[in-house]
1. With labels modelled as points extended 7 Å from the Cα through the Cβ direction, what inter-label distance (nm, one decimal) is found for R223 paired with A179?
2. Which FRET efficiency, nearest 0.05, do R247 and D148 yield, Cβ-Cβ r, R0 22 Å?
3. Who wins for biggest fluctuation among R61, R228, R100 in a Gaussian network model of the chain, springs between alpha carbons below 10 Å?
4. Quickly work out the E37-to-E237 label distance, labels modelled 7 Å from Cα along the C-beta direction, and quote it in nm with one decimal.
5. Is the C-alpha gyration tensor of the range 56-100 telling us rounded, prolate or oblate? Criteria: a/c under 1.5 is rounded; beyond that, a/b larger than b/c is prolate, otherwise oblate.
6. Towards the positive end of the charge dipole of the range 1-116, with charges on Cβ (+1 Lys, Arg; -1 Asp, Glu), say which of S19, A110, L49 has the farthest Cα.
7. In nanometres, what is the gap between the two model label sites at M199 and E165, each 7 Å from Cα along Cα-to-Cβ?
8. Divide by every residue of the chain the summed helix terms, -39500 (n - 2.57) for each DSSP H run of at least 4, and state the resulting mean residue ellipticity at 222 nm, rounded to the nearest 500 deg cm²/dmol.
Amino acid sequence: MERPAWAPRSIDISVPSVSRIYDYYLGGSHNFEVDREAARRAMEFLPGLPKISQANRAFMRRAVRYAVAEGVTQFLDIGSGIPTFGSAHEVARAASPGARVVYVDHDPVAVAHSEAVLADNDDADVVAADLCKPQEILHSLQVTRLIDLDRPVALLLVAVLHFVEDADDPYAAVAELGAALAPGSLLVLTHASYEGIPMPTERAEGAVDVYKDIRNPLIMRSRDEIGRFFEGYDMVEPGLVPMPRWRPDTAPEDEDPWALSGFAGVGRRP
């Protein structure tokens, strides 16, 4: 297998990557056959995975524009993956030139590609770090340089928490990150769930097993369990809802039923 220039030597390109699988769902080109094979296996059980991923990305763009409209122009995007067209820094800068974005990911490919995309961008950077180690993120040189924690920040946790197992206590990590944010900061979150998937749970579990096989367990949480991440925040209307129903640009009833899988919400620190 030929290694492309964007793939760092330090990674094993024979092992599937969640970031590259997500890139494949979004129609990106930064993935390998091993990633596409895993994605196709998951899609045998959940054929709507590309639609779900696209709904995630569309929600993120709407939430970033909402944040800017509310006067929040600093973004900390954790579990950001591989930047594709319409990533957070592009949307934020289009809405507010000078908006600042720090991406965080623990996947070397996502970090390497982010570095390449952001090489000439003084208002955006990337940190190689783990969501479950909030202090490493908060005290990183990139965050210290670009993010003023004394002013409101939008914390983006889009399609990442469902890859954090309960044993790693994602609730504590989210609470620790939130505690460092100024009043008026926003928590922007999406999460996978069996609720809303237009097929029996037993069949959807086959896709979950695929992620387990590649050692990136997909944790499907209920709406109530997802809602716990917003403790300490005031929910922004319309609350925790299927992704296309959060302040939609078009009528949500026109959406593909698969896009209604999982939940999205925005909370504000009082």
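1. Reported label-point gap for R223 and A179 is 3.1 nm.
2. Numbers: r = 27 Å, r/R0 = 1.21.
FRET efficiency, R247 to D148: 0.25.
3. Maximum fluctuation in the GNM of the chain, among the listed residues, is at R228.
4. Taking the simple label geometry, E237 and E37 are separated by 5.1 nm.
5. On the way: a/c = 1.63, a/b = 1.47, b/c = 1.11.
Taking the square roots of the gyration eigenvalues as a ≥ b ≥ c, the range 56-100 is prolate.
6. Towards the positive end, the residue furthest out is L49.
7. Placing both labels 7 Å along Cα→Cβ, they lie 2.5 nm apart.
8. Values: 10 runs with 99 residues, N = 270.
Rounded to the nearest 500, it is -10500 deg cm²/dmol.
The values are calculated or read from the model by the stated rules, or taken from the named source; none is laboratory data. Since this is a predicted model, take the numbers as computed values, not measurements. In this analysis, Cβ positions are derived from the backbone assuming ideal geometry, glycine residues included, and neighbour counts consider all displayed protein chains. Accessible surface areas use protein heavy atoms only, side chains included; no ligands, DNA or RNA. Shrake-Rupley method; radii C 1.70, N 1.55, O 1.52, S 1.80 Å.
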